[in-house]
Amino acid sequence: MKHRSLARLGAALALVGLAAGCSGEAAVTDGKVGANTPAYGDTLIEASIGNVSSLIPNITSDQASREVGSFMYSGLVTVGRDLEIVPELAKSWAFSKDCLTLDFKLHDSVRWHDGAPFTANDVVFTWETTVNPKTPSPYRSDFQDVERVEALDPYTVRVTYKRPYAKALLSWGLSILPRHLLERFVKEGKLKDAPQNWSAPVGTGPYRFKEMKSGEKVVVVANQDYFKGRPNISRIVYRIIPSQATIFLELKARGVDIASLTALQYKRQTEYPAFQKNYNKFRYPGTGYTYLGFNLKDPRFADRRVRLAFAHAINKKELLDGVVLGLGREATGPFRPGTWADNPNVKGIPYDPKKAVALLAEAGWTTRNDQGLLVKDGRPFTFELLTNQGNDERKKIAEIVQASLRDLGIGVEIRILEWAALLKEHVKKRSFDAMILGWGTGADPDQYVVWHSSQTGPDELNHISYKNREVDALLEAGRASCVQADRTRFYHRLHEVLAEDQPLVFLYWRDVMPAVSGRVFGIDPGPAGIRWNRDEWFVPKYLQRYTAG
Amino acid sequence: MLAYAFRRLLLAVPLLIGITFVSFVVIHLAPGDPAEMQTGDLSAEAKRAYEQLKTEFGLDKPLYVQYWNWLTRLIRLDLGRSFAPHGRPVLTMIGERLPITLLLNIVEMLIIVALAVPIGVLSATRQYSTFDKVTTIFVFVGFATPDFWLALLLMILFGIQLGWLPISGLRSMNWEYMSFWQQQWDFLSHLLLPILVATFGGLAGFSRYMRQSMLEVIRQDYIQSARAKGLAERVVVGKHALRNALLPIVTILGLSLPGLIGGSVIVEWIFAIPGMGQLMVQAAFERDYPVLMGNLVIVSALTLCANLAADLAYSFVDPRIRVSRRRR
């Protein structure tokens, strides 16, 4: 339930609790991506554990609905292989110098699935719908700084902002909705009642709706008139299979063409010839990182040397091996590896227990008591380490941290709490010493809400109460600019500052490991995952399995 | 007899209301609510969206008001609409899911009865024979085997190793392109494993009841007299004993009726069958109160009816009960 990120293209940060989406650096491909000739046809069978809750993605926040929506709808922009913003319904765009107006030039030959032409009017309507208080949209906050949206002519849209908003462009990845079908429902505040919400969705996307069987499957077929050219795979069946174990068995029996693997499945249960013959396995860093966070109001942790000592004391390589069988990579900061905001020059903090001891000594932790614990001002260094129940990874990390710090003379008591209780009683009230949690990241690197010193209120996300002037300034500059080169500079510096300061110990990015049927060609994994070029995937004629189309 | 039935029916109404009230309160006591499930729980913006959804769902009103609204709608047979973003009527959702669950469970029930009665009779008449011992072991193994584990083993064996049967779902992906008979076989083959798993577990209880009931009956004097009369053993067991031994089974069968609708959650879950059980679990995860309550009210109404029907059937088939009631 906690696995939701905020927007189709990702809002600032997904909520705590790692969202296992797909994106990251293309690093390892176990597959053999060959050069067969593209062909049209065949069916791709996907599996999801979650139910589809609506066919208008603008009013849903669950992953299944978002994925199904992405087949049928398009936004003005979308993200490419390296999470860069690329045109979709918009041919091009331009910001004014002050970043306050954004003009989109739209494709002029796009038609809705029902044949009606797509125009700037639909874009204006989609914005009106999203900000309409009667629409239950989780994306409204993306548009709170928008002053107005106007259609200058049928194929030009002008968006005016009250203040510069860094995610402005990305927020227009929002699915555009058809005015001619939905306007009367939106006016009455009854968008949920529209037939488009359940039985007859109409979009401009690469696939058209064919049928949906509640709790069983959604079937979409290639849109022959798709403005970017029809997709190669002619039919997609999105099956709902609630049990993870069943999905894996279906994969083994070739009943499902694409599914995510767990570390154990990736390493141990799929390493046999028949599986390798039928599937390609991919691996790239996911959207979230796991960290060891401190309550910086605690004077012990407010001392940078103590935090740094912790970072030196934890052997991240060993931790990765022990926790995710090595299927992840060390985190050096909060930006997804391989994306433009990530600063490749920032190095991780090496495992160095001697340095850790020295740093602690420097901070005044020199004497030990008879239990072997470090003592300062008569009080031994012990603290409570919290994490949430039902996440085995985090429990193991807690144990490793406990063992590593014990060697330094620091006593750690692990407490595992139910999620809601952890959040309400400890995280929100800031009553914790340290905790192991994760952050999910969106397509835009803005992390104002997590690191800025103004965001430390009970409902706000700077849980660790981090305050750093330079960080504040960089965050403000980063979100106020619409020029990517400038933003890159700000975020690279931010990455450096955070790595030096270690407000929390960045542990690792867990890898995402999908397996895709070997008959599918054209997959090119990148920081955005594998799905970014889904419409170009193809199955060569001689390998096609389903004649249906 | 009719008056009795009528009185029982009247009594069932306050009972049903009581059941729904308790369920309503308990469901709302569970931590988290549907608005929270849909908005997440950290940012200020999420909080605004949360308040808005709460108002939309009527969750901001006191619990008794919410219950009263729900109850007054129920009288008009309106179960309300789901809280999920699709907001569909609960009745439609249940209508979609009910047929497959009914089909599965009725078939399962028929098979169980068809197997359990002969097994029970045979083990009773040949008590402590090898057959009795073997079936006892078999039946207890069945009773002790977790559904999901057996299901996974069967999936691996028949779905992957042998490749004879499909693993999950109801239809193959190319179903629309099959001939009529292929379609029938395809559908049937998808149901074989779920039915097997569900039957295996249910068989145990039923055959034990049957055995017990039969054991009691064949020790009765009238069975002795039937034997003394010189009737063939086949007639003694098949006619005189069986009829009486089946009486308690009628009650148990009556009580299993609501189970036909409630569905077997685990079997539906693991085999990805979109039935009532799955709907219920999903609704529980999402705190979709109207769907949960709709399900509950149907199942509890059915339980009450089944209870009544079993009682009536009982007095119908067993003269002793009729007589004692008349005396009172």
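FYI, it's all coordinate maths here, none of it is from the lab. Since this is a predicted model, take the numbers as computed values, not measurements. Here Cβ is always computed from backbone atoms with ideal geometry, including for glycine, and neighbour counts include all displayed protein chains.
A simple count of charges around B:Leu196, restricted to other residues whose Cβ falls under 13 Å of its Cβ and scoring Lys, Arg +1 and Asp, Glu -1, yields -2. Shape of chain B from the C-alpha gyration tensor: oblate (a/c of 1.5 or more and a/b not above b/c, with a ≥ b ≥ c the square roots of its eigenvalues).
Can you give the relative contact order of the range A:425-549 as a percent, counting alpha carbon pairs under 8 Å and 6+ residues apart?
Working: 92 pairs, mean separation 18.0, N = 125.
So the answer I get is 14 percent.
Just subtract the alpha-carbon distance of A:Leu152 and A:Arg406 from 0.36 nm times their residue separation and send over the number in nm, one decimal.
Difference between extended and current length: 84.8 nm.
In terms of Cα atoms, the Rg and Dmax of the protein assembly as shown work out to 31.6, 110 Å. The calculated FRET efficiency for B:Leu10 paired with B:Arg73, based on their beta-carbon distance and R0 = 25 Å, is about 0.65. With q set to 0.15 Å⁻¹, the log10 of I(q)/I(0) for the range B:220-319, from the Debye formula over equal scatterers at the Cα positions, is -0.73.
Express in nm, to one decimal, how much length is gained between A:Ala116 and A:Ile416 on full extension, taking 0.36 nm for each residue of separation and deducting their alpha carbon distance. Each step should come with its number before you reach the end.
Working: separation 300, 0.36 × 300 = 108.00 nm, distance 5.54 nm.
Full extension from A:Ala116 to A:Ile416 adds 102.5 nm.
The modelled label-to-label distance for the pair A:Ala473/A:Ala361, using points 7 Å beyond Cα in the direction of Cβ, is 3.6 nm.
Quick one: net charge around B:Asp132, please, counting Lys, Arg +1 and Asp, Glu -1 for every other residue with C-beta under 9 Å from its C-beta.
Net charge in that neighbourhood comes out at +3.
Compared with the alpha-carbon gap, the fully stretched path from A:Tyr542 to A:Glu211 is longer by 116.4 nm at 0.36 nm per residue. Computed FRET efficiency, Cβ-Cβ of A:Gln269 and A:Glu128, R0 51 Å: what is it to the nearest 0.05? After rounding, the FRET efficiency stands at 0.55.
If you take every residue apart from B:Arg227 with its C-beta less than 15 Å away from the C-beta of B:Arg227, what net charge results, scoring Lys and Arg +1 and Asp and Glu -1? Show your work: numbers first, answer last.
Details: positive: B:Arg219, B:Lys229, B:Arg234, B:Lys239; negative: B:Asp221, B:Glu233.
Around B:Arg227, the charge tally is +2.
Helices in the protein assembly as shown, meaning DSSP H runs of at least 4 residues, each add -39500 (n - 2.57). Divided by all residues, the mean residue ellipticity at 222 nm is -13500 deg cm²/dmol. Would you mind pulling out the separation of the Cα centroids of the range B:250-291 and the range A:361-418, in Å? For the range B:250-291 versus the range A:361-418, the Cα centre distance is 46 Å.
Relative to the longest principal axis of the Cα atoms of chain B, the long axis of helix B:63-75 makes an angle of roughly 60 degrees. With the simple model of a label 7 Å out from the Cα in the direction of the Cβ, B:Ala228 to B:Leu192 spans 5.3 nm.
Of all lysines in the structure, those lying under 30 Å Cα to Cα from B:Lys61, and not within fewer than 8 positions of it along the same chain, are A:Lys2, A:Lys134, A:Lys187, A:Lys190, A:Lys192, A:Lys424, A:Lys428, A:Lys429, B:Lys47.
For the range B:247-297, the spread of Cα coordinates along the three principal axes comes to 42, 26, 12 Å, biggest extent given first.
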